[in-house]
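Quick notes on the structure that follows.
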Amino acid sequence: MIDSIYLAFLSIINSHNSLLTFILMFTPFVVFFEGPLLLFTIFGLFRFANDYLKQDSSLIRLPIVSCCITCYSEGNSVINTIKSLTFQTYPGLIEIIAVVDGAIQNKETLIAVKNCSKFVEGMNMNNRRLVVIPKWQRGGRVSSLNAALKVAQGEVFMALDGDTSFDNNMVVNAVKHFNDKNVIAVSGNLRVRNASKSLATRFQALEYILSISAGKTGLSAFGIVNNISGAFGIFRKKILDLVGGWDTGTAEDFDITTRIKQYFGRNKNWRIVFDPYVVGHTDVPETFLGYFTQRLRWEGDLFYLIGRKYLDNIKPGLLNWANYFSTVIITYFMQIILPFVITFYTVYLFYVFPGAYVIALFFIVYLFYVFALFIYLLLYVLLISDRLKEDIIYFFYIPLFPFFAFASRINAAFAIAHSVLNKSHLDSNMAPWWVLRRGRF
Amino acid sequence: MSLKIGNALVIFSNKKIDLLDSCKVFSSWDSFLESKIDPLGFFIASDFSDVHIDIVKYIRSSKWWYKFCFSEEDIGNQLLDGQVNLVQAIDRCKLAEEKLQKLTFSLDTLASSEKLLVYLFLRDNFEIFPEFKPDAKMLYTYPIIECLSEDKNDIDWYKELIRRNVLKYNKLVDRVRLCNKCSSAHIYFVDVCPNCKSLDIKRTRMIHCFECGYIGSQEEFSKGYDQICPKCSAHLKHIGVDYDLPTAQYSCNNCGFIFDEPETIYRCITCGEQGNPDRLMVQEFYSIIMTLYGHEWLLFEQKKIVFSILNESFKYVSLEYFQLVLSWFIKLYRRDNNFAFALLLLKLQNIEEIIEYYGISKSLDIYRELAKRISEILRNTDIVCRDDKYKLWIFMPATYKKGVCKRISETLESIQPNNDVKIKLLTNVIYSSELIDESNAETLMKQLDLRND
C-alpha cells in the first residue's frame with residue numbers, strides 16, 4: 001500500500017499527462033488560493049508588528065466604559081467575568097451591566113450576579129459600578145444587549161459573554177484605540193480558557209490562535225476585520241445608537257458588524273480594529289461532538305446572514321472596496337463555497353482515481369499545509385504572542401491539525417446545506433423560537 | 001416618733017388662682033422658705049413650667065423631699081408626680097400623709113437609702129426609670145436617686161438595696177460600656193495596627209502572585225497599566241489565573257505590617273485611658289421598683305429587723321431543742337465531770353437607741369459586723385438559740401476556761417463606734433462547775449437571765 005502511494009507520489013511529481021496536468025493545476029488551485037490569503041495575512045502580521053512599535057500607547061482620556069455581560073445559564077462562572085472586569089487596571093469608571101436573561105429559570109445565575117453586587121460594593125472602589133438587570137421573560141441575547149444599551153452611560157460599550165473573562169489590561173488596551181476618532185469598534189482577541197482539558201480543546205485553541213489571534217491581526221493591519229466577535233465586541237456607543245442596537249435573529253455579531261460596515265462606503269476613514277492584546281478567555285466544547293455541533297450552528301447562521309439577509313447589500317459602494325473584496329473572498333468564498341469545493345473535489349478524486357493515487361495527492365497537500373502552518377505559527381509566536389510559554393506547545397499539534405481542519409470543512413459544508421434546505425437558523429438556542437420566528441428572513 | 005403633717009398645698013405661680021382654703025401661692029422658692037410654712041405638698045402652675053427643674057430639685061433636696069409635687073401642665077420629669085388639678089392634688093397629698101402615719105420612725109434621721117424607700121412607699125407602683133443624658137458620665141442617671149444622695153457623685157448605694165432584695169430591677173432599658181478606669185461611658189473606638197498599635201494604617205489592595213507567592217500592595221505591582229510582580233517579574237494578566245487578592249487588605253505605614261483586620265481599641269474621652277474593648281465594663285440600666293419585702297421592711301418594727309440581721313451569721317436551733325440538749329448535757333456532766341460546758345447569754349440592750357441615733361441602715365451595718373465577729377469566736381460545736389426578747393443563748397460544750405466574756409467584750413470594743421452612743425451588750429456566762437445540784441435546763445437559763453452584772 002505504502003509502495004503504491006509512494007509510486008503515485010513520484011508519478012505526480014514527474015507526470016506531464018494531460019488529465020494529470022489538469023488535476024495538478026486544480027490541486028494548487030485549492031492550495032494556492034489559500035496561499036495568497038496566507039501570504040497576505042503574513043504580510044499583515046509584519047505590518048502590525050511594525051505599527052505596534054510606533055504606536056503611541058498612552059491613555060489620553062478616561063471615558064466611561066459600559067461592559068454588558070449577557071448572562072443566561074452560566075451559573076457561578078459569571079463571577080469570574082465580573083471579577084476580571086472589577087479588577088481591570090483601567091483608572092476610569094467601568095460600569096458593569098449584568099443582564100440575566102430568563103431570570104426565573106436561571107435563578108442560580110441571578111443569585112451569583114447579586115452576590116457579586118455585594119462583593120463589588122465591598123471592594124470600596126469608586127470607579128467600578130455593577131448594575132444588575134434581571135429579565136424575567138426570556139428574550140434572547142439580542143434583547144439582553146439592547147436592554148443594556150438603553151441604560152448604559154458609557155462612551156464605550158462592550159458586548160461580553162457571561163462565561164468569558166478578561167485580562168486586567170483589556171479595557172486600557174481597548175480604550176486606547178478610541179483616541180482615534182475613526183475607530184468605531186474594536187474586536188477582542190479570544191483565547192481558549194479550557195485548552196488543556198482535551199485534544200478537542202487543544203485543536204480549538206490552536207484554531208483560535210490561527211484564525212483569530214494571528215489571522216485577524218494580519219487582516220486588521222489592512223483595515224479588514226470580517227467580524228466583531230459576539231462574545232467580545234467593543235463599540236463606540238454612538239455607533240450602536242446610530243444603527244439602532246442589535247437586530248433580532250441569530251449570529252447577531254456578524255449582523256451588527258455588517259450593518260456597521262454598511263456605513264464605511266460613506267465614511268471612508270471609519271475603521272474596525274482588531275487588537276491581539278485586548279484579551280478575553282472563553283470556554284469551548286470539550287468533545288469533538290460538541291465542537292462539530294457548535295460549528296454546525298455557527299456556519300449555518302453565517303449562511304443565513306450573508307446568503308439570505310444581506311445578499312443584496314454586499315456592494316463596494318456600501319462597504320468600500322477593501323471590505324467588499326474581503327467579504328467576497330473570505331466570507332463568501334472561504335467560508336461558504338470552499339467547504340463544498342473541498343467536499344465535492346475529494347469525492348470526485350476517489351471516484352475517478354485509484355485510492356493510492358488520491359492519498360498521495362492528499363499527502364502533497366498535507367505537506368504544504370503543515371509547512372505553511374508552521375511558518376504561520378512561528379511568525380505569530382515571534383511577532384505577536386504575549387504568552388510565549390503557553391503558545392509554544394502548539395507546534396506539537398501542527399502535524400495533526402490539518403486533519404482537524406479538513407473535518408471542520410466537511411462539517412461546514414453539511415451545516416450550510418442544512419441551513420439552505422431546512423432554515424436551521426430559526427431553530428437556535430440563542431433565543432426562544434417565538435422571537436426568531438418574528439424575524440423577516 | 002414625730003411626724004409633721006403639712007397644712008397647706010404650696011403653689012408656685014405668678015398667676016391669679018382661685019384659691020381653695022388649703023392653698024398658698026408663692027412666686028419663688030425663697031419666698032416659700034421665708035414663710036416658714038409647713039407644706040402639705042407642692043404644685044407647679046403652668047406659668048412656672050419652664051423653671052420646674054429648679055424647683056423640683058430644691059424640693060427633693062430639702063427636708064420635704066418625700067412630699068408630692070404636681071404640675072398643672074404635663075411635664076415629662078420623673079421627679080414630678082404628674083399632671084392633676086388643684087383638688088386632686090390636695091386629695092392625693094392628704095392620702096400620702098395618711099399613709100405616712102403607718103411608718104413608725106422619724107423621717108429626720110433617715111439615710112439616703114431609707115429616704116428612697118419611703119419615697120417609693122408613698123407612691124404606689126412607682127418605677128424609677130434611668131434617664132438618658134448625653135453629658136452624664138454613664139449616659140444614664142436615676143434622677144431621684146441622685147437627688148436623695150448625700151454625695152451626688154456616689155449613687156451606688158441603691159445597689160445595696162437591690163442586693164438586700166428591698167428593691168429589684170424590673171426592665172432592662174439599655175446596656176452601656178464603661179471605661180474600666182474611670183467608669184465613663186464617653187468612649188470612642190479607633191482602628192490600629194495589630195503589630196505596633198500605630199494609627200497610621202490604610203486599606204490597600206494587596207496582590208498575591210501565583211508564580212512566586214509574593215504578596216504586596218497593588219502599587220508595587222503596577223507598571224503603567226500592567227501588573228508585574230516586583231519579585232519574579234511575572235506579568236500578571238488574569239485574576240484567578242496569574243494572581244489573586246489575599247485576605248489581608250490592610251497595611252501599616254509605621255511598621256509595614258500587613259494584616260487582615262485592624263485591631264480596634266477604645267479611648268476614654270474622660271480620662272484618656274485606652275485599651276482592648278474586651279476590658280470595658282458592661283453596665284446595664286434597668287428600671288427599678290420596690291419589692292413586697294421592701295414594703296414590709298418599712299412597716300415592720302425596726303428593732304426586729306435589726307435583730308434579724310444576726311441571722312446572717314448564726315444558725316439557730318429552736319428554744320425547745322436547745323433546752324433538750326442542755327438538760328441532756330447537765331445529766332451527762334453529773335455522771336462524768338469530764339463533760340464540762342458553758343452557757344453564754346448575750347443581751348442586745350439598746351437597739352432602739354442605736355437606730356434612733358444612726359438610722360436604720362447604719363444600725364444594720366453595726367449589728368451585722370458585731371454578729372460576724374462573735375460568730376468568729378464561737379466553735380462549730382457551739383449551739384446558738386434566740387428568743388423573742390433580743391437575747392442570744394449560746395451552749396458551748398467542752399469549755400473549761402473562763403475567758404469567753406473577756407474575748408467578747410474585747411471584740412465589742414474593737415467595733416464600738418466613736419460617737420457618744422455606744423452598743424450596750426450584756427454578757428453573762430455560767431460554767432458547768434458552777435452548777436447547783438437541783439438545777440435543770442430551764443432553771444439554769446432563768447438563773448443566768450436574772451444575773452445582772
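Structure values in brief
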{"item": "Table column - 3J(HN,Hα) (Hz), region B:28-38, Karplus curve with 6.51, -1.76, 1.60, x for Gly and Pro", "result": "7, 5, 5, 5, 5, 4, 5, 5, 6, 6, 9"}
{"item": "For chain B, alpha-carbon Rg relative to the globular expectation (2.2 N^0.38 Å, N residues)", "result": "1.56"}
{"item": "Given A:Lys181/A:Lys238; A:Lys54/A:Lys176; B:Lys36/B:Lys94; A:Lys176/A:Lys237; B:Lys347/B:Lys406, the pairs whose alpha carbons are separated by over 18 Å", "result": "B:Lys36/B:Lys94"}
{"item": "Karplus (6.51, -1.76, 1.60) ³J(HN,Hα), θ = phi - 60°, over region B:310-325, in Hz, Gly and Pro reported as x", "result": "5, 3, 5, 9, 10, 10, 8, 10, 6, 4, 4, 5, 4, 5, 4, 5"}
{"item": "Where chymotrypsin sites (Phe, Trp or Tyr not before Pro) fall in DSSP loop in region B:157-216, at most 11 other Cβ within 10 Å", "result": "none"}
{"item": "Fewest-first sequence of A:Cys71, B:Cys405 by Cβ atoms within 10 Å of each Cβ", "result": "B:Cys405, A:Cys71"}
{"item": "Region A:61-287, relative contact order [Cα under 8 Å, separation at least 6], %", "result": "26"}
{"item": "Folded to 0 to 90 degrees: helix A:355-383 orientation relative to chain A principal axis, Cα", "result": "40"}
{"item": "Percent RCO, i.e. relative contact order, over region A:38-116, from Cα pairs under 8 Å lying at least 6 residues apart", "result": "35"}
{"item": "Interatomic Cα distance distribution for region A:150-238, bins of 5 angstrom, percent", "result": "3, 12, 20, 25, 20, 10, 6, 3, 1"}
{"item": "Candidates A:Glu286, A:Glu390, A:Glu108: whichever shows maximal mean-square fluctuation once chain A is modelled as a Gaussian network with Cα springs under 10 Å", "result": "A:Glu390"}
{"item": "Expected-Rg normalisation [2.2 N^0.38 Å, Cα atoms] applied to the protein assembly as shown", "result": "1.75"}
{"item": "Degrees separating the helix B:351-377 axis from the principal Cα axis of chain B, which is the longest one", "result": "90"}
{"item": "Point-charge dipole on Cβ atoms (K/R +1, D/E -1) for the protein assembly as shown, about Cα centre, debye to 20", "result": "2220"}
{"item": "Rel. contact order, % - alpha carbon contacts under 8 angstrom, at least six apart, chain B", "result": "12"}
{"item": "Candidates A:Lys150, A:Lys216, A:Lys237, ranked by Gaussian network fluctuation over chain A, Cα under 10 Å, top entry", "result": "A:Lys150"}
{"item": "Dipole magnitude (debye, nearest 20) for chain A, charges at Cβ of Lys, Arg, Asp, Glu", "result": "1140"}
{"item": "Of all DSSP beta bridges in chain B, antiparallel share, percent nearest 5", "result": "75"}
{"item": "Residue-averaged beta-carbon neighbours from other chains (10 angstrom radius) around A:211-220", "result": "0"}
{"item": "Förster radius 25 Å - calculated FRET efficiency between A:Phe288 and A:Ser73, Cβ distance, rounded to 0.05", "result": "0.65"}
{"item": "Shielding score for A:77-84, defined as the mean number of other chain Cβ atoms within 10 Å", "result": "2"}
{"item": "Gaussian network model of chain A, springs between alpha carbon atoms under 10 Å - residue of A:Val142, A:Val186, A:Val243 with greatest fluctuation", "result": "A:Val243"}
{"item": "Exercise: per-residue mean of other protein chain Cβ atoms within 10 Å, B:235-244", "result": "6"}
{"item": "Residue order, fewest to most beta carbons within 10 Å, for B:Lys315, A:Lys176", "result": "B:Lys315, A:Lys176"}
{"item": "Residue-by-residue Karplus 3J(HN,Hα) for region A:211-224, coefficients 6.51, -1.76, 1.60, Hz, glycine and proline x", "result": "8, 9, 4, 8, x, 6, 4, x, 5, 4, 4, 9, x, 10"}
{"item": "Residues whose placed amide H lies under 5 Å from that of B:Asp242, excluding near-sequence neighbours", "result": "B:Lys237"}
{"item": "Of B:Lys63/B:Lys115; B:Lys152/B:Lys362; A:Lys197/A:Lys389; B:Lys197/B:Lys231; B:Lys402/B:Lys422, pairs whose Cα-Cα distance is over 21 Å", "result": "B:Lys197/B:Lys231; B:Lys402/B:Lys422"}
{"item": "Which of B:Met281, B:Met290 has the fewest Cβ neighbours within 10 Å, and the rest in rising order", "result": "B:Met281, B:Met290"}
{"item": "Between 0 and 90°, nearest 10: helix A:252-261 axis offset from chain A longest Cα axis", "result": "90"}
{"item": "Chain A - Rg over Rh from alpha carbon coordinates, Kirkwood radius", "result": "0.99"}
{"item": "Rounded to the nearest 20 debye, dipole of region B:27-77 from Cβ charges on Lys, Arg, Asp, Glu", "result": "400"}
{"item": "Positive-end residue of B:Ser49, B:Phe12, B:Cys196, charge dipole of chain B with Cβ unit charges", "result": "B:Cys196"}
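Laboratory data are not the source of any read-out in this text; all were calculated from the coordinates shown. Not measured: the values here are computed from a predicted model. Virtual Cβ from ideal backbone geometry, glycine too; neighbours counted across all protein chains shown.
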